[in-house]
Structure formats: structure tokens, C-alpha cells
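The values are calculated or read from the model by the stated rules, or taken from the named source; none is laboratory data. Everything quoted here is computed from the prediction, not taken from an experiment. Quick reminder, even Gly has a Cβ in these numbers, built from the backbone with ideal geometry, and neighbours come from all protein chains shown.
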Amino acid sequence: MKAEEAWNAAYHQLELQFDRASFDTWLRRTSFLGYDEGVFVIGVQNGYVLDMLQHRLYRNVRRVLSDVWGDEVELRFEICKEEPVRAPSLEDRPLFRFMAQQENDSSASPLHHLLRSPEQNALPDSDLNPHFTFERFIMNESNRMVYEAACAVAQHPATVYNPFLVYGGVGLGKTHILQSIAHVCSSRGLRTIYVSSEAFTNDLIHAIRNRTTAMFREKYRAVDVLLVDDIQFIGGKDTTQEEFFHTFNTLVNFNKQIVLASDRHPRELATLEDRLRSRFQGGLVADIQPPELETRIAILEMWAGERGIQLGYHVIEMMAQRAARNIRDLHGVFNQVVAQAQTTGRQSLTRHQAEDTLERYTRPMDHLTLHSVAEATAAHFGLKVQDLIGPRRSGKINTARQIAMFLARELTDASLPQIGDFFGGRSHTTVLHGCNKVSEEIEFDPILSTLVEKIRHRIAPGV
Ligand code: ADP
Ligand code: MG
């Protein structure tokens with residue numbers, strides 16, 4: 001038997017032995033790199049997995065592999081940035097998986113090529129967006145303090161500001177800043193975890209259910225830098241707050257860096273436990289303000305340059321004026337104009353054409369009801385409105401429901417609780433979660449973005 005086959009056989013045996021969460025965390029993304037005189041060299045995706053395999057799980061893995069190989073073996077682990085073929089992380093994202101199926105049915109849209117940049121074909125080993133880097137973050141008065149503090153934290157983790165908490169409204173660059181820090185730290189070999197507080201909660205629930213809380217703690221407490229996004233969502237979740245409190249203390253005691261993002265100042269997070277609130281305020285709390293016109297213009301120029309699209313200064317200025325609230329809106333406006341340029345086969349657009357596009361995009365739609373949004377979305381997926389407002393959560397229904405909620409929020413005046421009520425009495429946090437998920441994945445995922453555009457068009461032709 002060849003060494004690689006032996007590793008593959010051992011890998012599958014380990015998969016049966018371990019519970020799903022532990023296997024996913026520690027072994028799923030390992031890969032065979034080589035064999036040399038009784039030593040198997042195995043690639044792992046980062047330092048903390050390496051630590052875990054080398055120290056805690058070594059004997060277990062070695063025993064299984066030795067049995068398969070028929071002789072005592074040793075293992076050496078090496079960090080290997082390349083994604084092993086058998087674990088395509090992109091496909092693991094539920095929305096993506098579903099969209100990929102959809103995509104097989106329809107012809108590729110030209111929007112695709114324009115919106116997909118080369119790196120997106122290979123997502124990196126973690127959940128970091130390769131575009132969220134300091135180099136691509138435009139600094140100005142609205143975000144200077146956050147930017148400078150973030151650079152300092154990335155350069156000197158656990159020495160300058162700990163914890164470092166960024167807060168501000170939606171679409172102002174909090175996630176971008178957190179991930180920029182994460183990129184720098186992990187590229188310097190620091191054990192870095194970036195998670196949303198929801199992912200942290202889900203991971204915890206999973207661990208409790210599978211009795212792997214020890215491993216859960218190992219994972220989160222053995223890092224050099226822990227970044228938790230959208231921390232406001234742990235409010236009201238007692239078990240998560242308790243666990244996070246201990247994680248927080250352990251890390252700070254061991255002089256590890258914690259970075260947090262929240263949509264509000266911690267003192268305004270009403271359902272946050274006081275002991276966490278005071279911890280969160282114990283380091284630097286910095287806010288991000290909505291971007292100035294100049295910042296928005298600079299960001300648009302950067303995006304246009306990256307996509308190789310020529311937009312005259314007047315067009316850019318007009319777009320920047322339209323989307324004043326935040327940068328996510330700006331992105332929406334930009335995509336709209338770019339899509340327009342693409343469908344008409346132009347690489348440049350006059351101010352008049354751009355205005356026309358945006359006019360249609362932003363026209364108020366008083367006549368649109370939640371029902372009409374749900375109806376059009378359901379129809380697109382071959383479902384009924386009843387499916388979307390019912391309790392079922394199967395993949396397709398859930399995806400369709402999240403997209404419908406996202407569009408409802410964008411196209412109607414309904415509030416989050418009203419949307420939640422309509423879609424089967426769901427809470428406003430469920431709605432927010434769904435909307436955020438769609439809007440975040442749209443950025444990574446041109447297939448999803450095209451699909452949402454198609455449904456939007458169906459709901460309101462001409463938009
Ligand atoms: P938040 O987490 O605050 O809701 P994000 O970090 O997701 O916002 O930012 C929304 C979008 O705006 C992302 O595409 C991000 O790259 C972009 N963005 C935000 N701030 C900046 C900035 N200062 N420079 C460049 N792009 C930015
Ligand atoms: Mg965010």
C-alpha cells in the first residue's frame with residue numbers, strides 16, 4: 001500500500017471515530033504531503049490545529065495510521081496554505097451549495113466574470129475575505145482612529161489596546177477592519193481565529209450537544225488573537241455569555257489579543273451582562289462614523305480601478321452622493337452601475353446613463369408589499385408563499401426565505417419585526433441574521449448576487 005493510500009484510509013477511520021465537530025475542526029482539512037522513512041508528513045491549515053494534532057491528538061492519530069500501515073509510524077505536521085482537494089470549503093457554505101446547483105441549470109451570466117476576481121476562486125483556509133485587507137481600506141477622518149488603532153493592534157497584539165472594540169452602524173467597515181487585523185496576524189504565524197458571535201454560539205451549542213466542550217475551549221483559548229464580530233448578538237444568550245466571559249478572561253490573563261466589533265457602544269447593549277460590558281470597555285473602544293463624500297469617492301475609484309472599468313469623475317461623484325449612508329449601499333450602487341455597463345457591453349458609462357440606472361434602482365416602491373416580495377421569491381424557487389412563511393427550514397426553503405427577507409428589507413418600508421411577523425412570526429434578530437447573511441455572501445459570491453438581481457427584477461421590473 002502506498003503511503004498516501006494509507007493516510008487516506010486512516011483519515012476515513014478517524015472520521016468515523018471522531019464526532020463531526022472535532023473532526024471538522026482538527027482533521028477535515030489535513031492533507032498528505034509525503035512519507036519518509038517511517039514518518040508521515042501531514043499538512044494542516046494553521047498553527048492551532050498543528051498544536052492540537054501534535055500534542056493532544058497525536059497518539060490517537062498515530063495508532064490508527066500505524067494499524068493501517070501495518071507498522072509503527074511517526075507523524076510530522078506542517079502548515080500548508082493550500083486547500084486539500086477533498087475539502088472544498090466554499091461548497092460548505094449552505095447558500096453557496098444551493099446556488100451552485102442553480103447555476104448548473106442556467107447559462108452563465110456575464111456579470112459573473114466582471115464581479116469575480118481571481119482570488120475568489122480559491123477561498124483561503126479560514127473564513128477570511130481576501131479583499132478585507134488594510135491595503136484596501138480607505139482611511140479618512142470618519143475612520144482614522146479605528147484604522148490607526150487597528151494597525152497598532154495588528155503590529156503589536158496584546159500590548160497596545162486589549163481588548164480593542166470597534167463599534168458603528170451597518171456597512172461602515174467593522175468586519176473589514178477586523179479581518180484586516182486577522183490577515184496580518186495569521187500571516188505572521190500567530191494563531192488567529194475570526195468568528196462572528198453567532199458562529200461562536202453555534203459552535204458552543206454543537207459542542208454541548210456532542211459533549212465536546214473541552215475541545216471547544218481548547219480551540220478558543222489556545223489562540224494568540226481572537227476576533228469576534230457582531231458581538232451584539234450574544235446579548236440575552238446566557239450560556240454563550242458565560243462561556244465567552246471565561247474565554248475572555250483566559251485569553252487576557254495569558255496576554256492574548258481580543259478584538260471585538262459591535263453595532264453599538266457596549267453601554268447601549270441592553271441585554272449584555274454587566275461583567276462583560278465592563279470587560280469590553282476595559283481597553284480601547286473606538287467608533288467608525290459614516291464615510292465622508294471624499295471617502296466614498298476614493299472607495300469607488302478604487303473599485304472601478306480594480307475591475308478595470310472607466311467611470312468619469314462626474315459619474316463617480318453622482319454615485320457617491322446617492323449612497324451616503326454607508327459603504328454597503330455604495331457597493332450596491334456600484335454593482336448596479338457596473339452591471340448596467342456590462343449588459344450594454346460598455347466599459348464606460350456617461351453620467352446620464354448612470355443616473356438613469358440609479359433612478360430606476362432607487363425609485364420608491366410604495367406599492368410593494370411583503371406579500372409581493374415573498375410571492376416573487378417563492379415563484380423563482382418553484383415554491384409557494386406558504387412555504388416561506390411556514391416553519392420548515394430545509395435548505396432550499398431557508399435560502400429562499402432569507403433572500404425574501406433581504407429583499408423585503410431593501411424594497412419595502414417594513415421594519416424588521418414586521419418582516420419577522422410576516423415570515424411566520426420569526427424574531428427580528430432572525431430577520432437581521434438572514435439579511436446580513438445574504439448581503440455578506442453576495443459580496444463573495446457572484447452566483448448568488450446574480451440570482452438576487454434576477455428576483456429583484458421579477459419583483460419590480462425596471463429596477
Ligand atoms: P460592517 O461590518 O461595518 O457592517 P463591512 O466591513 O462589511 O461593514 O463593510 C461593508 C463593505 O464596505 C465591504 O465591502 C467593505 O470592504 C467596504 N468598506 C467599508 N469601509 C471601507 C473603507 N474605509 N475602505 C474601503 N472599503 C470599505
Ligand atoms: Mg460586519
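Can we say Phe134 is more than 23 Å from Ser278 (Cα to Cα) and either in contact with a helix residue (DSSP H, G or I) (Cβ under 6 Å, 6 or more places away or on another chain) or surrounded by fewer than 20 Cβ atoms within 10 Å (Cβ to Cβ) (or both)?
yes
Testing Leu172 on (1) within 16 Å of ligand 1 (Cβ to nearest atom); (2) part of a helix (DSSP H, G or I), one condition comes back false. Which one is that?
Exception for Leu172: condition (2).
Any idea how many residues of region 355-377 are of a type outside the set (D, E, K, R) and modelled with pLDDT under 80?
8
Taking the stated definitions as given, is Asp287 among the acidic types (Asp, Glu) and closer than 30 Å to Gln321 by Cα?
yes
From the list Thr343, Thr399, pick out the single residue that is among the polar types (S, T, N, Q), in contact with a helix residue (DSSP H, G or I) (Cβ under 8 Å, 6 or more places away or on another chain) and modelled with pLDDT of 90 or more.
Testing whether each residue is among the polar types (S, T, N, Q), in contact with a helix residue (DSSP H, G or I) (Cβ under 8 Å, 6 or more places away or on another chain) and modelled with pLDDT of 90 or more leaves just Thr399.
Which ones in region 148-170 are touching a helix residue (DSSP H, G or I) at 6+ places or on another chain (Cβ under 7 Å), more than 13 Å from ligand 2 (Cβ to nearest atom) and of a type outside the set (S, T, N, Q)?
Ala150, Cys151, Val153, Ala154, Pro157, Val160, Tyr161, Pro163, Phe164, Leu165, listed by residue number.
Is there a residue in region 140-150 that is touching a Pro at 6+ places or on another chain (Cβ under 8 Å) and part of a loop (DSSP other than H, G, I, E, B)?
Yes.
So which residues in region 405-418 are in contact with a Gly (Cβ under 9 Å, 6 or more places away or on another chain) and farther than 21 Å from Ala323 by Cα?
Met405, the sole residue that qualifies.
Please verify whether Phe200 is within 27 Å of Lys81 (Cβ to Cβ), surrounded by 20 or more Cβ atoms within 10 Å (Cβ to Cβ) and within 16 Å of ligand 2 (Cβ to nearest atom), treating the condition exactly as stated.
yes
Among (1) among the aliphatic types (A, V, I, L, M); (2) modelled with pLDDT under 90; (3) within 16 Å of ligand 2 (Cβ to nearest atom), where does Leu95 come up short?
For Leu95, the failing item is (3).
Could you list all residues from region 266-301 that are surrounded by fewer than 19 Cβ atoms within 10 Å (Cβ to Cβ) and either of a type in the set (Lys, Arg) or within 16 Å of ligand 2 (Cβ to nearest atom) (or both)?
Arg267, Arg275, Arg277, Asp287, Gln289, Pro290
I'd like to check something: does region 171-187 contain any residue that is of a type outside the set (Phe, Trp, Tyr), farther than 21 Å from Glu135 by Cα and within 14 Å of ligand 2 (Cβ to nearest atom)?
No, region 171-187 contains no residue that is of a type outside the set (Phe, Trp, Tyr), farther than 21 Å from Glu135 by Cα and within 14 Å of ligand 2 (Cβ to nearest atom).
Could you please find all residues in region 171-194 being of a type outside the set (S, T, N, Q) and either free of Cβ contacts under 8 Å to residues at least 40 places away in the same chain or out of contact with any helix residue (DSSP H, G or I) (no Cβ under 9 Å at 6 or more places or on another chain) (or both)?
Across region 171-194, the qualifying residue is only Arg188.
Any idea which of (1) more than 29 Å from Thr240 (Cα to Cα); (2) part of a helix (DSSP H, G or I) is the one Pro290 doesn't satisfy?
(2)
For region 313-334, state whether one or more residues are small (Gly, Ala, Ser), under 26 Å from Glu441 (Cβ atoms), at pLDDT 90 or above and within 16 Å of ligand 1 (Cβ to nearest atom).
For region 313-334, residues small (Gly, Ala, Ser), under 26 Å from Glu441 (Cβ atoms), at pLDDT 90 or above and within 16 Å of ligand 1 (Cβ to nearest atom): present.
Limited to region 228-279, what total is found for residues that are away from ligand 1 (no atom under 16 Å from the Cβ), closer than 23 Å to Leu128 by Cα and in a loop (DSSP other than H, G, I, E, B)?
Number satisfying all stated conditions: 1.
Output the number of residues of region 425-456 satisfying the condition of being away from ligand 2 (no atom under 15 Å from the Cβ) and of a type in the set (Gly, Ala, Ser).
Adding up the residues that qualify gives 3.
Sort out which residues of region 13-39 are assigned to a helix (DSSP H, G or I), farther than 16 Å from Asp203 by Cβ and aliphatic (A, V, I, L, M), and write them in order of number.
Answer for region 13-39, where residues must be assigned to a helix (DSSP H, G or I), farther than 16 Å from Asp203 by Cβ and aliphatic (A, V, I, L, M): Leu14, Leu16, Leu27.
Go through (1) within 16 Å of Gln179 (Cα to Cα); (2) within 15 Å of ligand 1 (Cβ to nearest atom); (3) over 20 Å from the mean Cα position of the chain (by Cα); (4) crowded, with 18+ Cβ neighbours inside 10 Å and name the single condition Pro157 misses.
(2) is the only condition that Pro157 fails.
Return the pair list, or none, for Cβ contacts closer than 7 Å from residues in region 195-207 that are in contact (Cβ under 8 Å) with a residue 60 or more places away in the chain to residues that are of a type in the set (Phe, Trp, Tyr) and part of a helix (DSSP H, G or I), at least 6 apart or on different chains.
Glu198/Phe233; Asp203/Phe216; Ala207/Phe216
Please enumerate the residues belonging to region 415-439 that are of a type outside the set (Ser, Thr, Tyr) and either farther than 19 Å from Gly332 by Cβ or at pLDDT below 80 (or both).
Result: Pro417, Gln418, Gly420, Asp421, Phe422, Phe423, Gly424, Gly425, Arg426, His428, His433.
Of the residues Glu375, Glu440, Glu410, which single one is over 26 Å from the mean Cα position of the chain (by Cα), closer than 27 Å to Thr343 by Cβ and among the acidic types (Asp, Glu)?
Result of the check over Glu375, Glu440, Glu410: Glu375.
Please specify each residue of region 40-74 satisfying the condition of being under 35 Å from the mean Cα position of the chain (by Cα) and part of a strand (DSSP E or B).
Selection gives Phe40, Val41, Ile42, Gly43, Val44.
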